[in-house]
1. Which count do you get for residues in region 229-243 that are charged (D, E, K, R), surrounded by fewer than 17 Cβ atoms within 10 Å (Cβ to Cβ) and more than 15 Å from the chain's Cα centre (by Cα)?
2. I need a count of the residues in region 254-275 that are modelled with pLDDT of 90 or more and either in contact with an Asp or Glu (Cβ under 8 Å, 6 or more places away or on another chain) or exposed (fewer than 11 other Cβ atoms within 10 Å of the Cβ) (or both).
3. Please go through region 291-302 and pick out each residue that is more than 21 Å from the chain's Cα centre (by Cα), surrounded by fewer than 18 Cβ atoms within 10 Å (Cβ to Cβ) and of a type outside the set (Ser, Thr, Tyr).
4. Would you point out which residue out of Ala167, Ala141 is surrounded by fewer than 15 Cβ atoms within 10 Å (Cβ to Cβ), within 30 Å of Asn87 (Cα to Cα) and either aliphatic (A, V, I, L, M) or free of Cβ contacts under 8 Å to residues at least 40 places away in the same chain (or both)?
5. Would you mention how many residues in region 10-47 are surrounded by 11 or more Cβ atoms within 10 Å (Cβ to Cβ) and either at positive phi or modelled with pLDDT of 70 or more (or both)?
6. Of all residues in region 201-228 being touching a residue at least 60 places away in the same chain (Cβ under 8 Å) and surrounded by 15 or more Cβ atoms within 10 Å (Cβ to Cβ), which is farthest from Phe285 (Cα to Cα)?
7. With the requirement that a residue be farther than 30 Å from Tyr78 by Cα, in contact with a Leu (Cβ under 7 Å, 6 or more places away or on another chain) and of a type in the set (Ser, Thr, Tyr), what does region 259-310 give you?
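The values are calculated or read from the model by the stated rules, or taken from the named source; none is laboratory data. These numbers were taken from a predicted model, which means no experiment stands behind them. We place every Cβ from the backbone using ideal geometry, glycine too, and count neighbours over all the protein chains shown.
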Amino acid sequence: MIAGATFVNEEVKTDAGTGIQVIQCLGPFREATTATSDWYAIRRNLGRSQESHNSIQVMYKPPLGIFDYEASMGAGQYKLSLAPDPNFRLTMVETLIPDFAATGAGRRYDVQIEDIKFYAAIAKLQLPDSIVSLDLREWSAQSKTMNGASQQLQFRVPQSTDIIYIALQGPAAGSNPAFPPSKFVGAANSDLNLNLFQVTYGNQTKPQTRWNSEFSGSVNHLRQFYSSQLCETMRSEHDPGVESFNEWLARGPVFAFRFDRALNAHDTEVTVQIEYKGKTDGVDFDNQSKCFIICEYRKLTKITHSSGSITQVVSLNA
């Protein structure tokens, strides 16, 4: 703990001139520390800590609307296709050391997938002949390369989209464990240095006022965006499981906007006007960074049951 904030030890070395042992630490945004006496160390509880375990079991539920459906589906043939990431060794492990991949990451650790199981609940019951409507929530993610710090980008989304998320991600994501794909961060913290942006969809523009943002020194204008995205997604900072402002920053700012439209609206075009600072701590904005747009939309599906089996599946545009 340094000045009340949590840091991670990166390196312990002895100064050649003074013989003093020096601990180099990294902060939550991978920034290096300067010399200070305002610190203390926290030892890991070896008996109960989740760290340093190299054999792990995890449970994963695909982000598909059908997995949130709680009623019985009926007998039929189901197919689930999973495409593994060829770089899974780099994408499933995270480190706070920014240059980890450049220092022989492929030789420093290995990941082996020993077993994968699919769990499904199967029950015997009688299903009446009927047509069941499924109102599913689905997700769609797209990205475009930022050829400069200021861009106007066009995206095409499903016509039933009602929530749009915007985020920036550096080009190292997926190839360097310091930048996992699950985090939307840029090189040199460029994701925090947003100047302004607006999203236009279905003749609605959000935020309506294109005001300037800043997150540096004693200025924190990102707090408003954090509170706004909670309101847009009908959540509260005090709800169980909602990420805190610090967790939102550490994961990388993701901006959310709700677009309530008429049932007969068929808009599919989204315009994103976004601008970041050209330099962050003397480092130029990386023009290979990607602007992500993640859409949350409805998908209506009708399933016909006959003699307990599924005889027809029809997908409709919501």
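1. 3
2. Of the residues in region 254-275, 5 are modelled with pLDDT of 90 or more and either in contact with an Asp or Glu (Cβ under 8 Å, 6 or more places away or on another chain) or exposed (fewer than 11 other Cβ atoms within 10 Å of the Cβ) (or both).
3. Within region 291-302, Leu300, Lys302 meet the criteria.
4. The unique qualifying residue is Ala141.
5. 6
6. Here the answer is Gly202.
7. Listed by number, the residues that qualify are Tyr276, Ser289.
Here's the yes/no breakdown for (1) small (Gly, Ala, Ser); (2) surrounded by 15 or more Cβ atoms within 10 Å (Cβ to Cβ); (3) under 30 Å from Gln77 (Cβ atoms):
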site: Ser130; (1), (2), (3): yes, no, yes
site: Asn147; (1), (2), (3): no, no, no
site: Pro171; (1), (2), (3): no, yes, no
site: Ser190; (1), (2), (3): yes, yes, no
